[in-house]
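What follows is a short report on a single structure.
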Amino acid sequence: MMVNRGSCGTSSRRSGVSRDMRPAIAAFVLALALGTPAYAQTPAGASSPPCAPHETNLGGIGRAGVVAFTAAISGAPVCAVFANVAFDGFDARLGDAPAPDAVVSSAVSPGGDVTVLLAGATLSGVGPYVVAPGGNFPESAGDVTEAARVVLAFAGQRVLVIATTPVELVDLTRVLRDRPDLFGADAVERAVVIASGPNAALSLRTDGGVIGAASIAAPSVLSLVRRR
């Protein structure tokens, strides 16, 4: 459940980075933001994309994966790490470090006036909305600031946690509304940013090892622990 306590939309000028440089930048930023070496995101071969899509099991409560997409508005390449878990398969914990038994660990940083209620934890002062309740475009949809982000989204009986390389909010809104299948969902009903910028990190403890950040340095960390 999310409670909107105010408008969080802002606008700024578009990035002056050359679009020809963006594929290389996306690979490099993904390595920094998600805590993996740059070469791990670049398969062999000169024509390979900077991020290799794949999926794997996530601690018996869902799926984890890496996906790549092209932003519809800016045209920038975006790489994302995601977790897709059952709504009733986890308990949430909030602390200054990941829980030892966490399957999903995410940085949380203040940025808005949205409150998110989870079983076991309440996230306060997060935002803005990427998809407003009911699947609608949020007031922040016109924000063209590019930043790495972590998003918490609700899609029926599934909960998604998604970390991206720098992307505009309008492009993130569009991909969540138009291509929820990229993240294993039928439709995203609401989604909110829970971390942005250099501290936007997500770590997934999958059956095949850790995907995303090897560690998370943030004032607050959300942990999703398998419900017993």
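The values are calculated or read from the model by the stated rules, or taken from the named source; none is laboratory data. Since the model is a prediction, treat every value here as computed from it, not as a measurement. Note that each Cβ is placed from the backbone with ideal geometry, even for glycine, and that neighbours are counted across all protein chains shown.
Only one residue in ALA185, ALA200 is surrounded by fewer than 23 Cβ atoms within 10 Å (Cβ to Cβ) and in contact with a Lys or Arg (Cβ under 7 Å, 6 or more places away or on another chain). Which one?
Exactly one of ALA185, ALA200 is surrounded by fewer than 23 Cβ atoms within 10 Å (Cβ to Cβ) and in contact with a Lys or Arg (Cβ under 7 Å, 6 or more places away or on another chain), namely ALA185.
Please determine, by comparing only the residues of the stretch 186-215 that are more than 14 Å from the chain's Cα centre (by Cα) and not charged (D, E, K, R), which one is nearest to ALA132 (Cα to Cα).
Ranking the qualifying residues of the stretch 186-215, first place goes to ALA187.
Table: residues versus (1) of a type in the set (D, E, K, R); (2) over 18 Å from ASP171 (Cα atoms); (3) in contact with a Ser or Thr (Cβ under 7 Å, 6 or more places away or on another chain).
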{"site": "VAL66", "(1), (2), (3)": "no, no, no"}
{"site": "ILE73", "(1), (2), (3)": "no, no, no"}
{"site": "PRO77", "(1), (2), (3)": "no, no, yes"}
{"site": "VAL103", "(1), (2), (3)": "no, yes, no"}
{"site": "ASP113", "(1), (2), (3)": "yes, yes, no"}
{"site": "GLY127", "(1), (2), (3)": "no, no, no"}
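Residues checked against (1) over 22 Å from GLY75 (Cβ atoms); (2) at pLDDT below 95:
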| residue | (1), (2) |
| --- | --- |
| VAL150 | yes, no |
| ARG158 | yes, no |
| ALA163 | no, no |
| VAL170 | no, yes |
| ARG174 | no, yes |
| GLU189 | yes, no |
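Does any residue of the stretch 103-118 turn out to be under 20 Å from GLY212 (Cα atoms) and not in a strand (DSSP E or B)?
The answer is yes; a qualifying residue exists.
Kindly establish whether THR145 is among the hydroxyl-bearing types (Ser, Thr, Tyr) and more than 13 Å from the chain's Cα centre (by Cα).
yes
Of the residues VAL81, VAL151, VAL116, VAL103, which single one is surrounded by fewer than 23 Cβ atoms within 10 Å (Cβ to Cβ) and in contact with a Leu (Cβ under 9 Å, 6 or more places away or on another chain)?
VAL116
Test VAL144 against the stated conditions and say whether it is aliphatic (A, V, I, L, M) and not in a loop (DSSP other than H, G, I, E, B).
The answer is no for VAL144.
Filter the stretch 55-71 down to the residues that are surrounded by 15 or more Cβ atoms within 10 Å (Cβ to Cβ) and either touching a helix residue (DSSP H, G or I) at 6+ places or on another chain (Cβ under 7 Å) or of a type outside the set (Val, Ile, Thr) (or both) and list them by number.
Those that are surrounded by 15 or more Cβ atoms within 10 Å (Cβ to Cβ) and either touching a helix residue (DSSP H, G or I) at 6+ places or on another chain (Cβ under 7 Å) or of a type outside the set (Val, Ile, Thr) (or both): GLU55, LEU58, GLY59, GLY62, ARG63, ALA64, GLY65, VAL67, ALA68, PHE69, ALA71.
Can you tell me which residues in the stretch 84-100 are in a loop (DSSP other than H, G, I, E, B) and surrounded by fewer than 16 Cβ atoms within 10 Å (Cβ to Cβ)?
Hits for the stretch 84-100 are PHE87, ASP88, ASP96, ALA97, PRO100.
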